[in-house]
Amino acid sequence: MKIKLHDKYFTSFISAREIDAALDEMAVKIAADIGDVVPVFIGVLNGSFMVVSDFVKKYPKPCEVSFVKLASYEGVESTEDIQRLIGLNENVVGRTVVILEDIIDTGNTLECIYDIFNNKGVKDLRIATLFHKKEAFRKDLKIDYIGIEIPNKFIVGYGLDYNGLGRDLPEVYQIKNTQRMTNIVLFGKPGAGKGTQAEFLKTKYNLVHISTGDVFRFNMKNDTELGKLAKSFIDEGQLVPDSVTIDMLQAEVEKNTDANGFIFDGFPRTTAQAEALDAFLDSKNMELSGTVALEANDEILIERLLERGKISGRADDQDEAKIRNRFEEYNEKTAPLIDFYSTQEKFYSVNGIGTIKDITERLSTVIDALKVEA
Ligand code: AP5
Ligand code: MG
């Protein structure tokens, strides 16, 4: 099951039943080790409230329960600076204390709490945690009891939150890996069929289609400042300057932060745009899955575009000279991207001649393989 908290998606990870079984085991083991001494279980708020509540119900012998609090996790990354401990009113001198954590990842919080208790004259100090991220743990501290080892992924539910949400969930969810997004550049000369194919692919793969050409034309039609600027270049078959195009593309992506992925059609068209796209996606924790080129020869493309020009009203489709100008722009500025993406092992090409349906099939074969790799 998939849930959304704030801007992020999470998928089911550990069921309520698995949590229950892990707590059962921990309770039996801790009771066996401690024997008849009455321990004080110390929960670390806020996250541990569910673990402690369920755990002490399972604990087979008398025990005391208390909570302490430290301000710590903020957002996805655990913060380094630990604040002071509040809420401990019990006298723990000579007692058996078990710190009961919901999760231990870097161990920063734990170390701080451990040190505080160590200085309070506790007789026997133990650490128990429901979840443990072995890969993230960086401290030289022995954790006496671990319920479930988990990989170094951000999780929510069962007391754990993402910016305040998710603590109430009875089971645990893991953050949906954004790399699973399918982000594709549809590449090809003018008339290759990028726009035509994007229409089918966006439905099939539930992607957001961004055609920079369409965005420019929309602005031209509405006579915006951007439209006026772009028109002088587009009508002549020249590229619009990078600075304008890159900002516009980023704004279009930002409008669709919920997307499963994107089809970039007509972007990038220069090395500067490709570099900007990589950097921008990286800043969003996203990446390109692949670039797929539709291949067709110039004569066929010119025929297609002149044909479309009869009805499209696109000034750049009206005569062969302008169309050839677009090809020249492509050869000079866009074709180098084939090397750019080949170097990243992200370049694929398919035959763009044939029926529209056949070409959709060819593209789908490439995209399906990309999805398996991811
Ligand atoms: P843009 O709108 O991207 O135009 P283009 O790249 O020249 O490509 P087209 O949209 O003409 O072709 P397409 O590959 O989408 O093919 P389509 O599916 O329509 O850019 C326009 C201008 O905006 C640029 O010149 C530039 O000035 C500016 N611009 C845009 N992005 C920019 C950027 N990143 N940086 C700078 N400037 C930028 O198909 C073409 C025709 O063929 C259609 O009539 C279709 O019905 C037909 N067809 C499609 N498939 C087939 C098939 N299999 N068999 C027969 N006919 C087919
Ligand atoms: Mg197009």
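Expressed as a whole percentage, what fraction of the accessible surface of region 256-366 belongs to carbon and sulfur atoms when a 1.4 Å probe is rolled over the protein heavy atoms?
Working: 2640 of 5480 Å².
Accessible surface attributable to carbon and sulfur in region 256-366 totals 48 percent.
If you fit an axis through the alpha-carbon atoms of helix 212-221 and take the longest principal axis of the Cα set of the chain, what angle between them do you get, 0 to 90°, nearest 10?
Relative to the chain, helix 212-221 is tipped by roughly 70 degrees.
Specify the inter-centroid distance of region 98-134 and region 45-69, based on alpha-carbon positions, in whole Å.
14 Å
Tilt of helix 320-329 relative to the longest C-alpha principal axis of the chain, in degrees (0 to 90, nearest 10)?
Once rounded, the angle reads 40 degrees.
Report the label-to-label distance for ASP319 and ASN89 in nanometres (one decimal), using points 7 Å from each Cα along the Cα→Cβ vector.
If labels sit at ASP319 and ASN89, their model points lie 9.0 nm apart.
Quick check: the distance between the Cα centres of region 309-348 and region 178-254, to the nearest angstrom?
Cα centroid of region 309-348 versus Cα centroid of region 178-254: 13 Å apart.
Could you report region 187-250's accessible area per residue, 1.4 Å probe, as an integer in Å²?
Working: 3020 Å² over 64 residues.
With all protein chains present, region 187-250 gives 47 Å² per residue.
Taking 0.36 nm per residue of separation and subtracting the Cα-Cα distance, what length does fully extending ASP115 through GLU361 add?
Numbers: separation 246, 0.36 × 246 = 88.56 nm, distance 6.21 nm.
Going from the current span to full extension adds 82.3 nm.
Contour minus end-to-end for ASN206 and THR271, with contour as 0.36 nm per residue of separation and end-to-end as the Cα-Cα distance?
Numbers: separation 65, 0.36 × 65 = 23.40 nm, distance 2.79 nm.
Difference between extended and current length: 20.6 nm.
Among 30-42, 186-198, how do they line up from the highest to the lowest mean number of other beta-carbon atoms within 10 Å?
Details: 30-42: 16.1, 186-198: 22.5.
Highest to lowest by the protection proxy: 186-198, 30-42.
In degrees between 0 and 90, to the nearest 10, how far off the longest principal axis of the chain does helix 194-205 point, with axes built from Cα atoms?
30 degrees
Can you give the FRET efficiency for ILE3 and PHE49, using 1/(1 + (r/R0)^6), R0 = 22 Å, r = Cβ-Cβ distance, to the nearest 0.05? Display every interim value, and only then the final one.
On the way: r = 20 Å, r/R0 = 0.91.
Between ILE3 and PHE49 the formula returns 0.65.
Round to the nearest 0.05 the FRET efficiency obtained for LEU141 and PHE280 when R0 = 30 Å and r is the Cβ-Cβ distance.
Numbers: r = 41 Å, r/R0 = 1.35.
Working from the Cβ atoms, E equals 0.15.
What do you get for trypsin sites (Lys or Arg not before Pro) in region 297-354 restricted to DSSP loop and a cutoff of at most 16 other Cβ within 10 Å of the site's Cβ?
Those that pass, being in a loop and sparsely packed, are ARG314.
The values are calculated or read from the model by the stated rules, or taken from the named source; none is laboratory data. These numbers come from a predicted model, not from an experiment. Here the Cβ is made from the backbone with ideal geometry for all residues, glycine too, and neighbour counts use every protein chain on show. All accessible areas refer to the heavy atoms of the entire protein, side chains included, with ligands and DNA or RNA removed. Shrake-Rupley method; radii C 1.70, N 1.55, O 1.52, S 1.80 Å.
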